[in-house]
1. Any chance you could give the angle, 0 to 90 degrees and rounded to 10, that helix 5-25 forms with the longest Cα principal axis of the chain?
2. From the helices alone, meaning DSSP H stretches of at least four residues, give me the mean residue ellipticity at 222 nm for the chain, per-run term -39500 (n - 2.57), in deg cm²/dmol to the nearest 500.
3. Can you tell me which aspartates and glutamates have their Cα less than 16 Å from the Cα of Lys245? Leave out same-chain residues fewer than eight positions away.
4. Please report, as a whole percent, how much of the solvent-accessible surface of segment 158-226 comes from carbon and sulfur atoms (probe radius 1.4 Å).
5. Taking the Cα centre as origin and putting +1 on Lys and Arg beta-carbons and -1 on Asp and Glu beta-carbons, what dipole magnitude results for the chain, to the nearest 20 debye?
6. Please list Glu65, Glu304, Glu32, Glu145 from largest to smallest accessible area, probe radius 1.4 Å, with all protein chains kept in place.
7. Once you list every other residue whose beta carbon is under 15 Å from the beta carbon of Val331, what net charge do they have if Lys and Arg are +1 and Asp and Glu are -1?
8. How much net charge surrounds Leu256 when only other residues with a Cβ under 15 Å from its Cβ are counted (Lys, Arg +1; Asp, Glu -1)?
Amino acid sequence: MSLSRTSLAAGVALLALAAASQASASAFYLQEQSVRGTGRAYSGEVADKGVGSLWWNPASIAGIERSEGYFGLHAILVDSKVTDNGSTITRPIPPTGLTTPVGGENRAAKPINNGVVPNLGAAFRINDKLSLGLSIAAPYNFTTEYSKASWTRYDALKSQLRTVNVDGVVAYKVNDLIDLGVGVTAMYADSELTNALPNISPLQPDGSQSLKGDGWAYGYTVGAQLHPSKSLTIGASYRSKIDQKLKGTVTVGGLLAPIPAANNFSTDGEAKITLSWIANVGARWAVNDKLTLNGSVSRVGWSEFDAIRIKFATSATESVQNYKNITTYAVGLDYQATPRLTLRTGVQYDPTPTPDVGRTARVPDGDRMMYATGATWAATDNLKLDAAINYIVFDKSKINRTDVTATGSTVNLRGDVEGSAVVLSTGARFSF
């Protein structure tokens, strides 16, 4: 058995960086960028006013009466289960290969870690028409972890992604009918991914591989709000695709003969991927002094994620992906219970962009329904306190993935996924 160090490293880089892109660009995009919006399942954010909606529409701060600040904190508690359903591995043992069950622990409980997501923003009133804004968010932040003995080990052990997204915004109130906004986006991403590598003999212990990488990427956001009457606001926004370049270090260890010892190494590589655009359209209608109805539709262009383009030393390759565009729908309401207390609720349908064939254990995802409730307490004329609770139900889905590992084994991963999540959000909006 002979494997060149270069070909093995290229295979490792391709596998690990492909997983990184799926982690950062799948349905694990975090919508939790507004506590007020969390309480109505984000049904009204693109058409609402103020700094609390800045992530959703840069036009939201046009014509504000005073400068504003916002801070939010979201605790995401996930209950998930991933179960083996007949996964196999075929090792390249002559003459025809040896196929056996993957083995190991056949059930992983709660592989998706709980997390805390912060976000904040500020809007500065220059005059009665012009405002400047700053939004700092964490749209892709999560960790999945499996035991080293898990049946998923050749596909995934640890997948960790941390991002920081900064938007600088200019908003302008054209007249009483139209508000406009535009922003520049900078996103920093840092990731760590690990998994096991099978040696040639099933009697040998597993080897390991890991990837650590980071990089900056840039884009833009634009938006508008239309006010055809005092009771109706229509909003629309567009967040551009982002061409992300991840530079990282690939480390391989624990590979045993007949694989040459030189194939245990550490080397550099990079991957180029395109993250999707997001288009939002929504409306808010004040039925009377107490009740406001909200609705929104979002189209997410995951088809931009067409391939992962790998560059390693003097080699270049790409891995074709099959992500699909999705459309999410949300409806909700706000109810002014007292002069200081606003209650809200909402529901959202959010389908997964991940394909039925090719879904990875790194991102065990499915279509989801979100049920939300929340409230705002006006503590003073300048301070509003927000709180919300979301319950998210994931449809049962399948892990159905076939990969050839860097050591030449073919892993057919077959599993069942189910889960739910609770999101607890709290925050404050204040004027100055």
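1. 20
2. Values: 2 runs with 25 residues, N = 432.
Taking each H run of at least 4 residues, the total per residue is -2000 deg cm²/dmol.
3. Asp190, Glu192, Asp214, Asp268, Glu270, Glu304, Asp306, Glu318
4. The computed percentage sits at 65.
5. 20
6. Numbers: Glu65 160, Glu304 55, Glu32 10, Glu145 85 Å².
If we order Glu65, Glu304, Glu32, Glu145 from most to least accessible, we get Glu65, Glu145, Glu304, Glu32.
7. For residues surrounding Val331, the net value is -1.
8. Details: positive: Arg91; negative: Asp206.
Net local charge, Leu256 excluded: 0.
The values are calculated or read from the model by the stated rules, or taken from the named source; none is laboratory data. The structure displayed is predicted, hence computed values, not measured ones. When we count neighbours, we look across all protein chains shown, and the Cβ atoms used for this are built from the backbone with ideal geometry, even at glycine. The protein model used for the area step is the full one, side chains on, heavy atoms only, and it has no ligands, DNA or RNA in it. Shrake-Rupley method; radii C 1.70, N 1.55, O 1.52, S 1.80 Å.
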